[in-house]
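Peer 1: Quick one: the structure is below, questions incoming.
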Amino acid sequence: MGHPQIGTTPNSRLISMPRLDYDYIIIGSGIAGLNTALLAREHGSTLIITKGRVDDCNTRYAQGGIAAAIGTGDTPTLHMQDTLSAGAGLCDRNAVEVLTSEGPQRIASLIQWGVPFDTMHGEISLGMEGAHSRPRILHAGGDATGQHIELALAARVAESDIKVLEFTLATRLVVEDGRAVAVETLNSETGETEAYSGRSIIIGAGGAGQLYKYTTNPEVATGDGVALGFRAGARVMDMEFYQFHPTALRLKGAPTFLLSEAMRGEGAVLRDRDGRAFMPDYHPLADLAPRDVVSRAIAREMEKAGEEAVYLDISHLPGSVVQSRFPTIYRFCKDHGLDITREPAPVAPAAHYMMGGIKIDTWGRTNVPGLYACGEAACSAVHGANRLASNSLLDTLVFARRLVSSSLGQAPEEEEPHDDSILIKRLPERAPVCATMPSPGLENLQDLTWRNAGINRNGSRLLLSARILNLWQRMMPAPDDRPSWELTNMVLLARLMVESALSRQESRGSHFREDFPEIRAEWEKHIVLTQEEVPA
Ligand code: SIN
């Protein structure tokens with residue numbers, strides 16, 4: 001299908017679109033993007049824009065599986081209660097109800113689409129994870145769930161008439177008369193810029209772990225989708241809530257690598273260097289406490305002992321069970337000289353999942369007509385201040401389906417939820433930093449966020465970071481290739497996160513302020529950021 005050659009530079013304005021190129025344009029090719037595309041193509045021509053290859057995404061690394069109330073003795077209501085309690089008062093109850101009640105049907109669709117969920121005695125096996133009151137986590141290939149789902153969806157996309165543009169970065173959304181009408185792109189291989197018009201534009205490019213020095217996310221996770229939406233006038237919400245996974249491998253010579261929570265679900269225990277199991281000191285659920293509790297406990301133990309890691313021990317289980325249940329983790333550790341069937345693995349927390357994102361309603365709609373969002377790029381407040389383990393794959397599936405229905409005009413007009421939220425209409429101009437300041441760059445950014453906007457935060461470090469980031473935003477040259485666009489996007493996201501974290505003067509869920517260590521009832525509200533003017 002042809003497309004107009006209008007936008008010649010990444011920042012150029014599209015004056016008018018001569019024709020409609022696609023009914024649906026989907027940005028991102030993780031599970032959120034692929035699943036939405038497969039549903040959308042039944043209703044019109046569909047284009048996927050992805051900055052790498054189709055299978056080069058964040059979700060394929062998801063080890064922990066997908067939660068749904070399909071087991072005997074489990075119900076969507078129980079799943080809802082666990083989700084609400086992990087979310088620490090900030091979940092949108094309606095969104096959680098949708099997630100947990102529609103979840104089982106979406107699992108049935110995945111089975112139809114060929115996802116090979118693990119079974120035992122002919123029944124789907126259900127695992128346990130932190131803060132779940134029932135075993136309800138489905139896995140595929142042991143700890144390779146994300147990869148199996150991604151591959152099944154990618155195979156269906158490849159067989160379909162969906163057009164896929166790889167190595168293409170979405171750089172700007174064109175908004176005309178208040179409606180999102182087109183996407184400007186940069187081909188990172190040829191340097192060419194182009195533009196595609198669409199009736200419905202869907203942002204599914206989530207994941208921003210590269211904001212931090214230590215992350216379980218791959219290199220592509222640079223928060224492009226949220227930055228793109230925010231620049232086009234979409235509201236973003238809950239940006240201060242970033243989940244740190246407690247147990248990422250911290251082994252000399254090995255990259256940061258997720259050791260799934262499912263290991264603790266199977267009985268793995270966190271120990272200090274002397275072998276003492278320390279989690280019972282911190283929470284009645286011990287190793288299966290909510291993630292924020294476990295991450296902070298580990299950080300505390302590391303600080304007390306002056307060490308870089310604590311230890312995750314699964315060596316008491318039979319080696320054959322460990323190998324068959326966690327083949328990817330076992331192999332990865334073995335390749336780096338560690339046999340987890342015999343010795344504990346050194347672990348430390350790492351940035352894992354962004355609860356905040358482009359504010360959507362439960363039908364995937366943003367505040368910009370024609371613009372939708374799904375997956376980790378979106379925020380319906382279904383995860384609140386802290387996501388329940390293995391709820392994110394389900395989130396992408398459930399809300400993508402509703403998004404496509406609403407694009408067809410099949411959703412009710414929903415009243416604006418979260419009307420108790422605080423709206424920050426414009427990021428404040430911060431006074432420049434006088435002392436020596438790190439220069440803008442990926443490593444400096446990752447250091448800054450890790451130190452100042454990580455597991456433990458305080459007002460003075462957040463304020464200093466906001467000033468540095470603001471200065472970087474003013475001094476960075478206009479982006480013109482993939483690395484410079486990614487850095488620009490990450491600096492913007494870090495700024496949104498730091499400004500929100502500075503505003504929230506309490507500790508709740510994944511957001512912990514040393515200067516406001518308690519939860520405060522008056523803060524049971526969302527922080528929403530927007531900008532009224534779209535910058536050039
Ligand atoms: C894990 O396997 O521990 C990660 C799964 C998730 O984040 O939901």
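The values are calculated or read from the model by the stated rules, or taken from the named source; none is laboratory data. Being a predicted model, the structure only gives us computed values, none of them experimental. Reconstructed Cβ throughout: ideal geometry from the backbone, glycine too, with neighbour counts over all protein chains shown. When the accessible area is computed, the model is the full protein with side chains, heavy atoms only, and any ligands, DNA or RNA have been set aside. Shrake-Rupley method; radii C 1.70, N 1.55, O 1.52, S 1.80 Å.
Peer 1: Could you pull out every residue, at least 5 positions away or on a different chain, whose amide H is within less than 5 Å of the one on ILE424? Hs are placed 1.01 Å off N in the peptide plane, and Pro or chain starts have none.
Peer 2: Sorted by chain and number, the residues that satisfy this are VAL528, LEU529, THR530.
Peer 1: For ASP118, ASP177, give the ranking by accessible area with the largest first, probe 1.4 Å.
Peer 2: ASP177, ASP118
Peer 1: Here's a follow-up. When every alpha-carbon pair in segment 459-536 is counted, what percent end up more than 14 Å apart?
Peer 2: So the portion of pairs separated by more than 14 Å is 68 percent.
Peer 1: I would also like to ask the following. From the helices alone, meaning DSSP H stretches of at least four residues, give me the mean residue ellipticity at 222 nm for the chain, per-run term -39500 (n - 2.57), in deg cm²/dmol to the nearest 500.
Peer 2: Taking each H run of at least 4 residues, the total per residue is -10000 deg cm²/dmol.
Peer 1: Counting every Cα pair in the chain, what percent are over 43 Å apart?
Peer 2: 12 percent
Peer 1: Would you mind working out the accessible area per residue for the chain, using a 1.4 Å probe, and quoting it in Å²?
Peer 2: About 38 Å² of surface per residue is accessible.
Peer 1: A follow-up question, please. Can you flag which of LYS359/LYS525; LYS304/LYS525; LYS213/LYS525; LYS213/LYS359; LYS51/LYS163 are past 23 Å Cα-Cα?
Peer 2: Result: LYS304/LYS525; LYS213/LYS525; LYS213/LYS359 exceed 23 Å.
Peer 1: If you add up the charges near ALA234, with Lys and Arg at +1 and Asp and Glu at -1, over every other residue whose beta carbon is less than 11 angstrom from its beta carbon, what do you get?
Peer 2: Local charge sum for ALA234: +4.
Peer 1: Now for a separate question. Show which lysines lie in cross-link reach of LYS334 when reach means a straight Cα distance below 19 angstrom and same-chain residues fewer than eight apart are skipped.
Peer 2: Hits, sequence-local ones excluded: LYS252.
Peer 1: Just to compare against my own numbers: the Cα pair-distance distribution for segment 139-206, 5 Å bins, whole % per bin, please.
Peer 2: Pair shares across the bins are 3, 13, 17, 18, 18, 14, 8, 6, 2, 0.
Peer 1: Among the GluC sites (Glu not before Pro) in segment 373-467, which ones are in a DSSP loop with at most 15 other Cβ atoms within 10 Å of the Cβ? Mind listing them?
Peer 2: Counting only loop positions with at most 15 other Cβ atoms within 10 Å, the GluC sites (Glu not before Pro) in segment 373-467 are GLU413, GLU414, GLU415, GLU429.
Peer 1: Tell me which residues come under 5 Å, amide H to amide H, from ALA248 once H is placed; ignore anything under 5 positions away on its chain.
Peer 2: For ALA248, whose amide H was placed from the backbone, the distant partners under 5 Å are LEU259, ALA348, ALA350.
Peer 1: Heavy atoms only, 1.4 Å probe, whole protein assembly: order SER160, SER197, SER85 by accessible area, highest first.
Peer 2: SER85, SER160, SER197
Peer 1: Further question: Rg over Rh of segment 67-188, using C-alpha atoms and the Kirkwood radius, what does it come to?
Peer 2: 1.09
Peer 1: What are the ³J(HN,Hα) values, in whole Hz, obtained from phi via the Karplus relation 6.51 cos²θ - 1.76 cosθ + 1.60 with θ = phi - 60°, for each residue of segment 321-333 in sequence order, with x given for Gly and Pro?
Peer 2: These are the phi-based 3J(HN,Hα) values: 5, 4, 5, 7, 7, 10, x, 5, 5, 4, 5, 4, 5 Hz.
Peer 1: What do you get when you divide the Cα radius of gyration of segment 237-312 by 2.2 N^0.38 Å, with N the number of residues?
Peer 2: 1.10
Peer 1: Another question, if that's okay. How large is ³J(HN,Hα) for each residue in segment 114-126, as worked out from phi by the Karplus curve 6.51 cos²θ - 1.76 cosθ + 1.60 (θ = phi - 60°), to whole Hz, x for Gly and Pro?
Peer 2: Whole-Hz 3J(HN,Hα) from phi for segment 114-126: x, 6, x, 5, 5, 10, 9, 6, x, 10, 4, 6, 10.
Peer 1: Could I ask something else about it? Taking amide H positions as placed 1.01 Å from N in the peptide plane, with prolines and chain starts having none, which residues 5 or more places from LYS359, or on another chain, fall under 5 Å of its amide H?
Peer 2: Hits under the 5 Å cutoff: ARG235, VAL236, MET237, CYS379.
Peer 1: Which of the peptides 492-501, 279-288 is most tightly packed, and how do the rest follow, judged by the mean count of other Cβ atoms within 10 Å per residue?
Peer 2: Order by mean packing, descending: 492-501, 279-288.
Peer 1: Another question about this same structure. How many angstrom lie between the Cα centre of segment 362-395 and the Cα centre of segment 431-478?
Peer 2: 27 Å
Peer 1: So what does log10 I(q)/I(0) come out to for segment 89-138 at q = 0.17 Å⁻¹, using the Debye formula with one equal point on every Cα and no solvent?
Peer 2: -0.67
Peer 1: Which semi-axes, in whole Å and largest first, does the equivalent ellipsoid of segment 249-293 have when worked out from the alpha carbon gyration tensor as the square roots of 5 times its eigenvalues?
Peer 2: Value: 20, 14, 10 Å, ordered largest first.
Peer 1: Accessible surface of VAL115 in the full protein assembly, 1.4 angstrom probe, to the nearest 10 Å²?
Peer 2: Rounded to the nearest 10, the figure is 10 Å².
Peer 1: Right, here's the next one. I need the phi-derived Karplus couplings for segment 251-267: 6.51 cos²θ - 1.76 cosθ + 1.60, θ = phi - 60°, integer Hz, Gly and Pro marked x.
Peer 2: Working through the residues one at a time gives 10, 4, x, 10, x, 4, 8, 5, 10, 3, 4, 4, 5, 5, x, 8, x Hz.
Peer 1: Separate question: Would you calculate the volume per residue, in Å³, of the smallest convex hull containing every Cα atom of segment 386-484?
Peer 2: Given the Cα convex hull of segment 386-484, per-residue volume reads 218 Å³.
Peer 1: Shifting gears a bit: Where does the charge balance sit around PRO432 when Lys and Arg score +1, Asp and Glu -1, over other residues with C-beta under 15 Å from its C-beta?
Peer 2: +3
Peer 1: Given 10 Å bins starting at zero, what is the percent of C-alpha pairs of segment 314-411 in each, up to the one with the largest pair distance?
Peer 2: 14, 31, 20, 19, 13, 3
Peer 1: To the nearest 10 square angstrom, how much accessible area does ARG467 have with a 1.4 angstrom probe?
Peer 2: 70 Å²
Peer 1: Can you tell me, using C-alpha contacts under 8 Å and at least 6 residues apart, the relative contact order of segment 307-420 as a whole percent?
Peer 2: Relative contact order comes out at 21 percent.
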